Amino acid sequence: MNYFYLPLEEWTNDFVNDWLIPTLGPFFDAIGGMIGSLLEWINWILTVIPPEILTIIVVALAWYVAGKGVALFSLIGLLYLGSVDLWAEGMQTLAIIFVATFLSIVIGIPIGIWSAKSESVQRIVRPVLDFMQTLPSFVYLIPAILLFGLGGVPAVISTFVFATPPCVRLTNLGIRQVPGDVVEAARAFGSTSGQMLVKVQLPLALPTIMAGVNQTIMLALSMAVIAAMIGAPGLGSIVLSGISSVNVGLGLVGGLGIVVLAIILDRITQGLKPER
């Protein structure tokens, strides 16, 4: 029984169709073009490098930052991607993750710093982040399709929105956790606000910030797979094909590829995190 009817659906559709798309359509087209070019460029780099060379680079990086155990797993995992003929799809997934994570870091860290410096900004940013994290991930696909069509670009946009909150929150937390006596000592020695941020607060907050980057990458990977529903290329499309055709083997092959990339990225980014 409806005692009060709120025509939110009609209002939203009218706003989108009558104002948003006609007014800001060219802006979204320009943003989509830039993101699409960056995505194609990164994907080209990942695919033009011979798989053998890229495997050696990843294994060497894993050994250097995380130890020989992670290096051995990286070698086995990348060999798996090649052996099941999913190398190209794996690189497409990595390209989406790299672009979305780059946007999350470039936008998220400054917002986190700003919210740590200003309580007013903190009060505004916090509910926005709560909304971004509690909204079901599938809902992000609707405006992405509407504004950017199908393919890799809406996948990057939806992944960016879904994965940015941890970067903002942990940057804010890391700056706020810098000991007050250290800040006072830096101020007593005549440090400006910029010098204090660059030379004192950011270095001490770096472990927490890197933890946020790690969580952002993991969320980006999970969303990049879901974005296969809107035409995103990569391993997610393999899993989606397996689901659509009830092909258990295909779904398992694609799913294991996603697990391999997730573990490699997680261990390497954790190895990059400095100790306090």
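The values are calculated or read from the model by the stated rules, or taken from the named source; none is laboratory data. Here the structure is a predicted model, which is why all the values come from computation and not from measurement. Backbone-built Cβ (ideal geometry, glycine too); neighbour counts: all protein chains shown.
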Counting only helices (runs of 4 or more DSSP H) entirely within the stretch 61-160, those with at least 2 residues that are of a type in the set (S, T, N, Q) and free of Cβ contacts under 8 Å to residues at least 12 places away in the same chain are 119-134
Name the residues in the stretch 193-217 that are buried (at least 17 other Cβ atoms within 10 Å of the Cβ) and either touching a Gly at 6+ places or on another chain (Cβ under 6 Å) or not aliphatic (A, V, I, L, M) (or both), would you? 201, 205, 208, 209, 212, 214, 215, 216
For the stretch 25-44, which positions are exposed (fewer than 15 other Cβ atoms within 10 Å of the Cβ) and either touching a strand residue (DSSP E or B) at 6+ places or on another chain (Cβ under 8 Å) or within 21 Å of residue 262 (Cβ to Cβ) (or both)? none
Return a yes/no flag: does the stretch 162-175 have any residue that is out of contact with any strand residue (DSSP E or B) (no Cβ under 6 Å at 6 or more places or on another chain), aromatic (Phe, Trp, Tyr), surrounded by fewer than 16 Cβ atoms within 10 Å (Cβ to Cβ) and over 24 Å from residue 61 (Cα atoms). no
Taking the options 220, 227, 232, name whichever one is surrounded by 18 or more Cβ atoms within 10 Å (Cβ to Cβ), modelled with pLDDT under 90 and not in a helix (DSSP H, G or I). 232
With the condition kept exactly as written, say whether any residue in the stretch 76-90 is surrounded by 12 or more Cβ atoms within 10 Å (Cβ to Cβ) and under 26 Å from residue 165 (Cα atoms). yes
Taking first residues from the stretch 236-247 that are free of Cβ contacts under 8 Å to residues at least 40 places away in the same chain and second residues anywhere that are β-branched (Val, Ile, Thr), the pairs with Cβ under 8 Å that are 6 or more apart or on different chains are 239/225; 239/258; 242/248; 242/253
Across (1) within 21 Å of residue 115 (Cβ to Cβ); (2) hydrophobic (A, V, I, L, M, F, W, C); (3) touching a Ser or Thr at 6+ places or on another chain (Cβ under 9 Å), residue 228 clears everything bar (1)
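Against the condition assigned to a helix (DSSP H, G or I), among the polar types (S, T, N, Q) and farther than 22 Å from residue 217 by Cβ, how does residue 43 come out, does it pass?
For residue 43, the condition - assigned to a helix (DSSP H, G or I), among the polar types (S, T, N, Q) and farther than 22 Å from residue 217 by Cβ - is not met.
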